[in-house]
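Following: one structure in structure tokens, then a few remarks.
The values are calculated or read from the model by the stated rules, or taken from the named source; none is laboratory data. Small disclaimer: the values here were computed from a predicted structure and weren't measured. Areas reflect the complete protein model, heavy atoms only, side chains present, ligands, DNA and RNA absent. Shrake-Rupley method; radii C 1.70, N 1.55, O 1.52, S 1.80 Å.
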Amino acid sequence: MEMEYIERLTKWFTLVKRDFPWRRDRSAYYVLVSEIMLQQTKAATVLAFFYAWMEKFPDFATLAKASEEEVIKAWEGLGYYSRARNLRLIARGVMVDFGGVFPHGIEDILSFKGIGPYTAAAISHFAFNKRAIGADGNIKKVIARFYGHKQRVDKGSAILDLLDEFLPKSANADAFEALIELGATVCSKKPKCSLCPLQGECISFQEGLTDVIPVVKKAVKMIPLTRRVFILEHENGIVIKKEDKRLMQGLYELPYIEIPFEKDLSLSIKEVEKKFVARLRVVDHLDSVTHTFTKYRAHLKPIICRITNNPVLPAGYIFVKRGNLKDLPFSSGHRKIISTITCN
């Protein structure tokens, strides 16, 4: 039975698999970068970023030499920026600790910050044709439905034990990747069971449970934030700050204040004037921007103000010429605002 469904699955994959650059080039670097980019991001979104990344950082040596700011700038728009910082650290580790050659051993692969069991398994399968057990969200969906697994897929090792049972005992990168493809394109939230090569053996399909399996934790409720963002002009410069907080570390942002919906604009202006020892003249109001990150949905309300005296910038704030803003990495919401004021 095993060989029948595995053979059927891999034949299906050969016929329908999508064409991605990391499927054409199976080098450890290509596989690593693609897998890190694909964490919490859809393949269609990753493609353009992947091509641009490879043009700028074509190998471990080039990435290892890059500054953190260069790396963050190249990652701008993908979100979850710790992934970019980890990639740079991995490249440095490969160059320093492994002589520029990515290690084959699973323990060595797992020693890198940012590489967990699934990413290590993917690298082992695709770059080195070595069998390893690890599951992303797509694999967990397929395996849970296939076996009718009624427990949460994110708890314990049960789903990995079932994956170990499902996969051939010898290395089979196509079978592993076919599971990912199946979960992404067919075994989705509303599965297209009529297209599935595993339909005949799928317990969830047979028992009518595909709408309740996999069992996952409840989605985190988004926390709304409202922020008034200030584009502070002075001479030929704009005030910005490089964030050191964990979520936005390494990214630049415009000054902003958290506001309740009822807070009067004049009160916000007075607060900013006090912070920067500045006198402000309102120049323009821009359209609001929505910025979603982790569990937050921030509504950004941008306002352009002219500083009419010589301000005192608090620690961490700097003036940057308007024309140079495009060269710096910004959080996505603030990047949208920056694009509006630099497009002309």
Length-normalised contact order for the chain - Cα pairs under 8 Å, 6+ apart - percent: 16 percent
DSSP bridge orientation in the chain - percent antiparallel, rounded to nearest 5: 65 percent
For a quick check, take a GNM of the chain with Cα springs below 10 Å and name the residue from 300, 254, 286 with the largest mean-square fluctuation. 286
For the range 206-344, dividing by residue count, accessible area per residue (probe 1.4 Å) in Å² works out to 57 Å²
Can you bin the range 239-344 into rounded, prolate or oblate? Criterion: square roots of the alpha carbon gyration tensor eigenvalues sorted a ≥ b ≥ c, rounded for a/c under 1.5, prolate for a/b above b/c, oblate for the rest. rounded
How much solvent-accessible surface does residue 150 expose, in Å² to the nearest 10, with a 1.4 Å probe and all protein chains in place? 120 Å²
If you roll a 1.4 angstrom probe over the protein chains with everything in place, what fraction of the accessible area of the chain belongs to carbon and sulfur, to the nearest %? 53 percent
Round to the nearest 10 and give me the degree value, 0 to 90, for the angle of helix 2-16's Cα axis relative to the longest principal axis of the chain. 50 degrees
Given axes a ≥ b ≥ c from the Cα gyration tensor, I'd like to know whether the range 81-207 is rounded (a/c under 1.5), prolate (a/b larger than b/c) or oblate. prolate
Compute the acute angle (0 to 90°) between the alpha-carbon long axis of helix 28-38 and the principal axis of greatest extent of the alpha-carbon atoms of the chain; round to the nearest 10°. 70 degrees
Specify whether the C-alpha gyration tensor of the range 34-131 places it in the rounded, prolate or oblate class, a ≥ b ≥ c being the square roots of the eigenvalues: rounded for a/c under 1.5, otherwise prolate if a/b is larger than b/c and oblate if not. oblate
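Below 8 Å, C-alpha to C-alpha, sequence gap of six or more: please give me the relative contact order for the range 37-190 in percent. Kindly include the intermediate steps, with their values, before the conclusion.
Values: 146 pairs, mean separation 24.6, N = 154.
Relative contact order, the range 37-190: 16 percent.
Can you tell me how much longer the chain between residue 219 and residue 310 gets when fully stretched, taken as 0.36 nm per residue apart minus their C-alpha distance, in nm with one decimal? Mind showing how you got there, number by number?
Working: separation 91, 0.36 × 91 = 32.76 nm, distance 4.80 nm.
Using 0.36 nm per residue and subtracting the Cα-Cα distance, I get 28.0 nm.
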Express the accessible area of the range 130-186 per residue in Å², computed with a 1.4 Å probe while the remaining protein chains stay in the model. 38 Å²
Taking Cα atoms only, helix 82-97 is inclined relative to the longest principal axis of the chain by an angle, in degrees rounded to 10, of 70 degrees
Can you count the Lys pairs in the range 1-110 with C-alpha separation below 16 Å, eight or more apart or on different chains? 4
